[in-house]
Amino acid sequence: MKLSFHGANRDVTGSCHLLEVQGKRILIDCGLYQGGRELDEENAEDFGFDPSSIDMLLLTHAHLDHCGRIPLLVKRGFTGEIVTASATRELTRVVLLDSAHLQEEEAERHARQAHRHGHRPREALYGTLDALNAMDQFGRAVTYGETLELAPNLTATFYDAGHILGSASIRIEETDGKRRSIIFSGDLGNKGRPILRDPQIPPHADTVVMETTYGDRQHKALGPSIDEFYTAITETFARGGNVIVPTFALERAQEVLYHLRAGIEAGRLPHNLPVFLDSPMAISATEIFRRHPECYDAEARDLFDHGHDPFALPALRFVRETADSIALNRLVGGAVIMAGSGMCTGGRVRHHLRHNLWRKESSVVFVGFAAPGTLARILIDGAKRVKLFGEEIPVRAHLYTINGFSAHADQEELLAWHGALKPARTILVHGEEKAMRTFAGLLTDTQVSMPQKGDEMTL
Ligand SMILES: [Zn+2]
């Protein structure tokens, strides 16, 4: 076995690992680097291998930092099969089409600028057609626990990673005399969250390639975070304002709907709570969630089996059309408006912020991670005024930051997962260097490495 690293090395985005085994070249994930303009160039660079030489791609889950460079891989010559869970295939389609659209918009904006300055315009990383072509290469859809033959003497098994719908850890095994094995953790979920099951522990493997996003931190408990969320809504309604929830379309939006439904059923929120899901991508993702009860945990499955929709609220409105989204600006109070993007870097949420941030009655409830430099982070850090659509807006709304909704395992959970596997060799990826070093310091009885991009190792 030979392993090389082409992304998410001492970093949390751009996941891409190449495994050479039994004469096959297998890619695990092909994600986009995310977080700033300078990364556009990194995304456009050579992959570090020839895409046409890759036999197949195994995809752990549908987050952009794991699947976002697939259309580029196909555009540059990859013709092999893409293998993933069926929920992941459906979510990836939505994610890649959205990403292609953003890439095209960005390229158009850049072309206008370049034209004004007499520069050469930059080509879009990929477009809608490339995303559609990539979708044509999705082959076998796997179910958790099913063992697939990748080649003679080579199998792969997907295990539930409990991170987002369809997410998987992948165990690859050589089935000839050597029986060597390796596990790619993918992103591991946080235990006890709604909808999804807790991460599954795959059988032992010699080598584990694992994520370390929260390798240096423990999460707050979920229960108090749900209480804070309900309190934020109740207080805001009492003041006569709206609740704006900047929402990630995938997983977080569905989790928030699930908590709102549970709050209404428990009598902690008003029965006819008006909720607007103002995000075409989140609406599509919610519909995909409804089609995949096989991924639910016992509680969500029980609701589903008894004919209840885990994401349905008495007064939930899906807002797809732009005109309907604009109409929400007329609501002065008593509405929960969920809109993307989650970090307020673009999308419809910026319009809702423009209409609500200046009002002391309204509130903004942050339920997810906010990277440095994003509008969400600037607000969380206490800015008194922000610029939106060229206009200075004073920040008078109440801001609530709810930290307990993480989709990632924390340090204790990562340690328990690793401890159960007892690998001889551990390769840490998908983490900031500080988190990774802290986590490495806690591992015993295993040889630990933290590869850099471009590194190769023989196992
Ligand atoms: Zn992820």
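The values are calculated or read from the model by the stated rules, or taken from the named source; none is laboratory data. Just so you know, these numbers come straight off a predicted model, no measurement behind them. Don't worry about glycine lacking a Cβ; one is built from the backbone with ideal geometry, like all the others, and counts go over all protein chains shown. These area figures cover heavy atoms from the full protein model, side chains too; ligands, DNA and RNA do not enter into them. Shrake-Rupley method; radii C 1.70, N 1.55, O 1.52, S 1.80 Å.
Couple of notes before you dig in:
- Placing a label point 7 Å from the Cα of ARG116 along the Cα-to-Cβ direction, the residues of region 355-392 whose backbone N falls under 15 Å of that point are 390.
- Highest to lowest packing among 43-49, 7-13, scored as the average C-beta count within 10 Å: 7-13, 43-49
- The string of couplings for region 414-420 from the Karplus curve (6.51, -1.76, 1.60, θ = phi - 60°) is 4, 5, 5, 5, 5, x, 6 Hz, one whole number per residue in order, with x for Gly and Pro.
- Axis angle, to the nearest 10 degrees, between helix 280-291 and the longest C-alpha principal axis of the chain: 60 degrees.
- Computed from Cα atoms, the angle from the helix 252-265 axis to the main principal axis of the chain rounds to 50 degrees.
- Helices in the chain, meaning DSSP H runs of at least 4 residues, each add -39500 (n - 2.57). Divided by all residues, the mean residue ellipticity at 222 nm is -10000 deg cm²/dmol.
- For LEU196, residues with placed amide H under 5 Å, excluding near neighbours: ASP297
- Probe 1.4 Å, accessible area per residue of region 66-170, Å²: 43 Å²
- The trypsin sites (Lys or Arg not before Pro) found in region 39-93 that occupy coil by DSSP, while having at most 16 further C-beta atoms within 10 Å, are ARG76.
- Sparsely packed loop sites in region 13-66 (the trypsin sites (Lys or Arg not before Pro) outside DSSP H, G, I, E and B with at most 13 other Cβ atoms within 10 Å) comprise ARG37.
- Folded to 0 to 90 degrees: helix 222-239 orientation relative to the chain principal axis, Cα: 20 degrees
- Residues with amide H under 5 Å from that of GLU81, placed H, sequence gap 5 or more: LEU57
- Working ranking of peptides 250-257, 123-130 by packing, defined as the average number of other Cβ atoms within 10 Å per residue, highest first, is 250-257, 123-130.
- Note on ALA383 and ALA416: the model spin-label points, each 7 Å out from Cα along the C-beta direction, lie 3.9 nm apart.
- Among PHE289, PHE237, PHE304, the sequence by solvent-accessible area, most first, with a 1.4 Å probe is PHE304, PHE237, PHE289.
- Per-residue HN-Hα couplings for region 101-115 [Karplus 6.51, -1.76, 1.60; θ = phi - 60°; Hz; x = Gly/Pro]: 4, 5, 4, 5, 4, 4, 5, 5, 4, 5, 5, 5, 4, 4, 4
- Karplus-derived 3J(HN,Hα) values for region 209-217, using 6.51 cos²θ - 1.76 cosθ + 1.60 with θ = phi - 60°, are 9, 10, 6, 9, 3, 10, x, 10, 9 Hz; glycine and proline are entered as x.
- In the chain, a dipole from Cβ-located charges (positive for Lys and Arg, negative for Asp and Glu) runs towards its positive end, and of MET436, ALA161, ILE28 it is MET436 whose Cα lies farthest in that direction.
- Accessible carbon and sulfur surface of the chain relative to its total accessible area, %, 1.4 Å: 50 percent
- Dipole magnitude (debye, nearest 20) for region 297-407, charges at Cβ of Lys, Arg, Asp, Glu: 760 debye
- Lys, Arg +1 and Asp, Glu -1 on Cβ, resulting dipole of the chain about Cα centre, debye, nearest 20: 1300 debye
- Excluding ligands, DNA and RNA, the accessible surface per residue across region 195-339 is 41 Å² with a 1.4 Å probe.
- Furthest towards positive pole of dipole, LEU388, VAL95, THR143, structure part the chain, Cβ charges: LEU388
- Per-peptide packing, taken as the mean over residues of other Cβ atoms within 10 Å, places 379-391, 197-209 in the sequence 197-209, 379-391 from highest down.
- Shape class for region 282-441: oblate, because the ratio a/c of the largest to smallest gyration tensor axis (alpha-carbon atoms, square roots of eigenvalues) is 1.5 or more and b/c is at least a/b.
- Using a Förster distance of 41 Å, the FRET efficiency for ASP206-GLU81 (Cβ separation, nearest 0.05): 0.95
- If only the Cβ of Lys and Arg carry +1 and only the Cβ of Asp and Glu carry -1, the dipole of region 198-314 around its Cα centre is close to 420 debye.
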